[in-house]
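Peer 1: Questions regarding the structure given below will be posed in turn.
The values are calculated or read from the model by the stated rules, or taken from the named source; none is laboratory data. As the structure is a computational prediction, the values presented were derived from the model and not from experiment. A quick note on method: Cβ atoms are made from the backbone with ideal geometry, for glycine too, and the neighbour counts reach across all protein chains shown.
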Amino acid sequence: MIEVAGLTKVYGPVRAVDDLSFAVRPGRVTGFLGPNGAGKSTTMRLVLGLDAPTAGAATVGGRRYRELDRPLTRVGALLDAKWVHPNRSARGHLRWLAATNGIPRTRVDECLGLVGLSDVGGKRAGGFSLGMSQRLGLAAALLGDPGVLMFDEPVNGLDPEGIVWVRTFMKSLAAQGRTVFVSSHLLSEMALTADDVVIVGRGRLVWHGAMADFIAQHSDHSVRVRSPRADELGRELARRGIGVAPAGPPGVLTVTGVPTDTVGDVAAELGIPLHELAGATASLEEAFMRLTSGAVEYHGGSVA
């Protein structure tokens with residue numbers, strides 16, 4: 001488990017992380033989301049002991065990272081896919097890491113195989129594409145078979161097949177009981193991957209909980225109704241205080257604030273036939289934009 005308590009990091013006049021507290025549980029994929037400049041990468045660096053907090057603490061399994069013995073066997077991380085020395089081979093890089101933590105050399109080829117790099121293990125990392133570098137970073141994170149894994153934008157540079165593979169891989173790691181903490185700007189991908197979500201804005205916690213609960217609480221819910229007696233149905237719904245509006249084509253309504261069951265029950269009471277009754281699917285993107293609109297540091301302008 002990762003626990004962050006009152007974590008604060010100040011750089012001069014900037015509070016990059018501001019009194020942040022949350023926990024990342026084992027057996028689940030937790031997405032770490034926020035606008036650019038929200039403090040996500042800084043928070044991960046603080047958890048890994050790469051930066052010292054101004055206040056508060058971040059622990060892994062109840063201990064600070066610098067207190068861990070053979071840390072690669074406890075925590076695996078991918079923060080920067082291009083940090084590898086360009087003249088080292090992929091296999092040489094992993095062997096060097098393994099030696100620093102007493103990890104058997106046999107584990108190196110196992111990890112190269114896990115991420116699909118067996119055939120290029122002898123090639124220099126400097127010649128790798130961004131997608132291949134991401135895979136090498138994942139191999140390094142897995143090297144010590146740790147119980148906690150942290151990934152910062154792990155699908156950057158991957159093709160669609162690679163993105164699906166990373167998604168499946170992270171979910172399988174969580175299913176093994178590991179703690180998986182991953183940041184991403186691909187909201188549609190996070191909606192498919194994460195069980196829980198931590199959202200930050202301007203260094204502060206904005207929301208923390210189950211992904212499904214977040215989407216349900218911060219999205220508009222609407223129902224599309226098509227009926228030959230749509231006007232009559234609309235008047236009755238409005239009389240009951242339910243939001244209703246024409247949806248464009250004649251005979252089609254958009255109903256807000258109630259589930260499909262409620263609309264269907266009202267139509268049944270009046271004996272009104274329905275040709276279509278469908279609830280709109282709420283999206284993570286919609287919920288995220290709604291909640292973080294006030295925490296965006298930089299806004300783009302419109303094109304004239």
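Peer 1: Give me the pairs: first residue in the range 243-256 and without any contact (Cβ under 8 Å) to a residue 12 or more places away in the chain and among the hydroxyl-bearing types (Ser, Thr, Tyr), second residue assigned to a loop (DSSP other than H, G, I, E, B) and loosely packed, with under 15 Cβ neighbours inside 10 Å, beta-carbon distance under 6 Å, and six or more apart or on different chains, which are they?
Peer 2: Between residues of the range 243-256 that are without any contact (Cβ under 8 Å) to a residue 12 or more places away in the chain and among the hydroxyl-bearing types (Ser, Thr, Tyr) and residues that are assigned to a loop (DSSP other than H, G, I, E, B) and loosely packed, with under 15 Cβ neighbours inside 10 Å, there is no close pair.
So that you can scan it fast, the table gives a plain yes or no per residue for (1) crowded, with 16+ Cβ neighbours inside 10 Å; (2) touching a strand residue (DSSP E or B) at 6+ places or on another chain (Cβ under 8 Å); (3) at pLDDT 90 or above; (4) more than 28 Å from Ala212 (Cβ to Cβ):
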{"residue": "Gly241", "(1), (2), (3), (4)": "no, no, yes, no"}
{"residue": "Gly257", "(1), (2), (3), (4)": "no, yes, no, no"}
{"residue": "Val266", "(1), (2), (3), (4)": "yes, no, yes, no"}
{"residue": "Glu269", "(1), (2), (3), (4)": "no, no, yes, yes"}
{"residue": "Leu291", "(1), (2), (3), (4)": "yes, yes, no, no"}
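Peer 1: Being modelled with pLDDT of 95 or more, within 25 Å of the chain's Cα centre (by Cα) and not aliphatic (A, V, I, L, M) is the requirement here; does Thr54 meet it?
Peer 2: no
Peer 1: Looking only at the range 163-188, filter to residues that are touching a helix residue (DSSP H, G or I) at 6+ places or on another chain (Cβ under 6 Å) and small (Gly, Ala, Ser); which one of those is surrounded by the most Cβ atoms within 10 Å (Cβ to Cβ)?
Peer 2: Checking each candidate, the answer is Ser183.
Peer 1: Could you please find all residues in the range 154-181 being hydrophobic (A, V, I, L, M, F, W, C) and under 17 Å from Gly131 (Cα atoms)? Step through it out loud before you land on a result.
Peer 2: Of the range 154-181, the ones hydrophobic (A, V, I, L, M, F, W, C) are 155, 158, 163-166, 169-170, 173-175, 180-181.
Across the range 154-181, the qualifying residues are Val155, Leu158, Ile163, Val164, Trp165, Val166, Phe169, Met170.
Peer 1: Shifting gears a bit: When the range 125-179 is examined, which residues are found to be β-branched (Val, Ile, Thr), out of contact with any Gly (no Cβ under 9 Å at 6 or more places or on another chain) and touching a residue at least 12 places away in the same chain (Cβ under 8 Å)?
Peer 2: Ile163, Val166
Peer 1: Might you let me know whether the range 200-218 holds any residue that is at pLDDT 90 or above, among the aliphatic types (A, V, I, L, M) and touching a Gly at 6+ places or on another chain (Cβ under 6 Å)?
Peer 2: Yes; the residues of the range 200-218 include at least one that is at pLDDT 90 or above, among the aliphatic types (A, V, I, L, M) and touching a Gly at 6+ places or on another chain (Cβ under 6 Å).
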